[in-house]
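Inspection log for the structure reproduced underneath, given as structure tokens.
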Amino acid sequence: MQETVSSILDSLQRADLEGAKKKIQEVSTVVRSERERGNLMAAYGIYSSMTKGKEGRMQTWDSDRLARAARTINSSQLADDFDVGYAETLLSYSALTQRSRQPEA
């Protein structure tokens, strides 16, 4: 499942919204746990935000701020497996977008 979510995030990072949508639909039938459900819902949330944004980009994306929010979710004593999966996906996407913004050496 983690490889599939990574593939979805890669499609989103490249603004391949149709590819991401197809992968989300395919994997939604094989989700087995609350953590996987959280992973998928975060990916779908990113997809949904991008489809509403201009040119396939999230307009209010601040990867540092999102990373702090995801870490807060993970450190919460009330976080369940769904929350942990959701936060994992947000952190993965944040890291992916930060790497893509860095100039190559």
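What do you reckon, is Glu88 surrounded by 17 or more Cβ atoms within 10 Å (Cβ to Cβ) and at pLDDT 85 or above? If you could, list the steps in order and put the result at the bottom.
Values: surrounded by 17 or more Cβ atoms within 10 Å (Cβ to Cβ): yes; at pLDDT 85 or above: yes.
Taking the combined requirement at face value, the residue satisfies it.
Just to check your reading of the model, which residue among Lys52, Lys23 is crowded, with 17+ Cβ neighbours inside 10 Å and among the charged types (D, E, K, R)?
Going through Lys52, Lys23 in turn, the sole match is Lys23.
So for segment 58-74 (the condition being at pLDDT 90 or above, over 10 Å from the mean Cα position of the chain (by Cα) and not in a helix (DSSP H, G or I)), does at least one residue qualify?
no
The values are calculated or read from the model by the stated rules, or taken from the named source; none is laboratory data. What you are looking at is a predicted structure, and each value in this text was computed from that prediction instead of being measured. Neighbour counts run over all protein chains shown; Cβ positions are idealised from the backbone, glycine included.
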